[in-house]
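First comes the structure, then the notes that go with it.
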Amino acid sequence: HSNGWNTSNVTFNWSCSDETAGVVAASVSQTVSGEGANQTATGACTDNAGNSASNTQNGINIDKTAPTISAAATTQPNANGWYNDDVTVHFTCADSLSGVASCPTNQVLSSEGSAVTSSAQTISDLAGNTSAASDVVTVKIDKTAPTISAAATTQPNANGWYNSNVTVHFTCADALSGLATNACPADQVLSSEGSSVASTAQTITDLAGNTSAASNVVTVKIDKTAPVVTITGVTNGANYPLGSVPAAGCSTTDALSGVATQATLSVTGGNADGTGSFTVTCSGAIDNAGNSNSASATYTVAYRWTGFFQPVDNLPVINTVNAGQAIPVKFSLGGNYGLNIFAAGYPASQKVNC
């Protein structure tokens, strides 16, 4: 027995003797088979004359039943079945009779994994009975935060500029518990113009409840506005006398990304003698973001006019004559420009109601 306890039946044997009449039986025995504490066993001897004597043994302790042990985590996982910290496994021990010798100390599960297990344990009661192995606690532990990074889905041009909206995409990862569906943030579209247009930092949380560090911020340069092209010198719709036409030119400016290529000048139209309708075009202007623009203007060049002679008066005088009267027109051109000097439909007269 151990600690005063027995784990099986206990049999007591008594010797009987009587010097006068003799005994009915030289010995008697009793077996105690029931479990219990402080049980008793009594042996009775009888002689042939009918006299009897007895002896009682006390403090018989019998425990044949093994103790029990069970294991359980002291905390519950989250709604997804995961822990994001160490898990303590506690053992519950019991014995209804002799009592438990000792219960194992808690086990701390600290490894990461989808099947982290405790080790099975056994215990003994004070009678020496040994329990079956305890159950094994299996848990899922993920203590590592997920990762998130951001990047533009397209590359800028060689000058480092975009000329349209920029889409920023997020890449999310978690090696153990994983991420919920649609946990990764949606793309961000950067549409503002500027030399430092930035996305916003984002975080994600894995199924174990770990939250990532903030993502990187994507900063881009966006210029969606075409450069400004201006025609210098001449004015659109203007009329100039021959020999006094201003020199036409091109001016290109860009307030954001700057000018990469200046507009170039071309002049078309007009007559061989320098008169007529001319079109000035400034084309090929490109800014550093790749936006392009052009501009054009049209002006007219006519012969230099020095005035009418009598009988025709110059402006602002309005010449009036009788209907049907022939009017000789005398004028000076200040040079020999040939006879084809009148614009189509001129000279002209207008009827005025009196």
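Remind me, relative contact order of region 155-311 in percent, using alpha carbon pairs under 8 angstrom and six or more residues apart?
Value for region 155-311: 22 percent.
If the chain between Thr92 and Asn319 were fully stretched, how many nm would it gain, using 0.36 nm times the residue separation less the Cα-Cα distance? Before the final figure, lay out the partial values.
Working: separation 227, 0.36 × 227 = 81.72 nm, distance 12.63 nm.
Roughly 69.1 nm would be gained on extension.
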| request: Considering the options Val32, Asn322, Ala101, tell which one lies farthest towards the positive end of the dipole of the chain, charges being +1 on Lys and Arg and -1 on Asp and Glu at the Cβ, about the Cα centre. | output: Asn322
| query | Which whole-number value in Å² is the accessible area per residue of the chain, probe 1.4 Å? | reply | 58
| task | Return the carbon/sulfur percentage of the accessible area of region 183-227, one whole number, probe 1.4 Å, all protein chains in place. | result | 49
| What dipole magnitude, in Debye to the nearest 20, does the chain give about its Cα centre under +1 on Lys/Arg Cβ and -1 on Asp/Glu Cβ? | 2880
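How much space per residue, in cubic angstrom, does the convex hull of the C-alpha atoms of region 224-333 take up?
Measuring per residue, one finds 141 Å³ for the Cα hull of region 224-333.
If R₀ is 45 angstrom, what is the calculated FRET efficiency for the pair Val136 and Ser196, using the beta carbon separation as r and rounding to 0.05?
Working: r = 57 Å, r/R0 = 1.27.
Given R0 = 45 Å and the Cβ-Cβ separation, E is 0.20.
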| note | Subtracting the Cα-Cα distance of Val352 and Ala25 from 0.36 nm times their residue separation yields 100.5 nm
| query | Within region 10-115, which GluC sites (Glu not before Pro) sit in a loop by DSSP and count at most 11 neighbouring Cβ atoms inside 10 Å? | reply | Glu19
| So how much accessible area does Ser54 have, in Å² to the nearest 10, using a 1.4 Å probe? | 90
| field | Charge dipole of region 205-354 about the Cα centre (unit charges at C-beta), most positive-ward option of Val234, Ala289, Val352 | value | Val352
| message | Shape verdict for the chain, please, from the Cα gyration tensor: rounded (a/c under 1.5), prolate (a/b greater than b/c) or oblate. | response | prolate
| So what does Ser349 come to for accessible area, using a 1.4 Å probe and Å² rounded to 10? | 120
| Given a 1.4 Å probe and the protein chains all in place, what does the accessible area of Thr40 round to, in Å² to the nearest 10? | 70
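Placing +1 at every Lys and Arg Cβ and -1 at every Asp and Glu Cβ, with all other atoms neutral, what dipole size does region 130-285 have around its Cα centre, in debye to the nearest 20? Display every interim value, and only then the final one.
Details: 4 positive and 9 negative charges, 26 e Å.
Charge dipole of region 130-285: 120 debye, to the nearest 20.
Keeping every protein chain in place, order Phe91, Phe278, Phe309, Phe331 by accessible area at 1.4 Å, biggest value first, i.e. largest first.
Numbers: Phe91 5, Phe278 25, Phe309 105, Phe331 65 Å².
Largest accessible area first, the residues go Phe309, Phe331, Phe278, Phe91.
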| task | Using a 1.4 Å probe over the heavy atoms of the protein chains, calculate the carbon and sulfur portion of the accessible area of region 1-59 as a whole percent. | result | 38
| request: Go through Ile222, Thr65, Asn84 and say which Cα lies farthest out towards the positive end of the charge dipole of the chain; charges sit on Cβ, +1 for Lys and Arg, -1 for Asp and Glu. | output: Ile222
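Sum up the charges of everything whose Cβ sits under 14 Å from the Cβ of Thr130, counting Lys and Arg as +1 and Asp and Glu as -1, but leave Thr130 out.
Values: positive: Lys64; negative: Asp63, Asp95, Asp125.
Neighbour charge sum, excluding Thr130 itself: -2.
The values are calculated or read from the model by the stated rules, or taken from the named source; none is laboratory data. Fair warning: this is a prediction, and the values are worked out from it, not measured in the lab. Here Cβ is always computed from backbone atoms with ideal geometry, including for glycine, and neighbour counts include all displayed protein chains. Note: accessible area is taken over every heavy atom of the protein model, side chains too, but ligands, DNA and RNA are not part of it. Shrake-Rupley method; radii C 1.70, N 1.55, O 1.52, S 1.80 Å.
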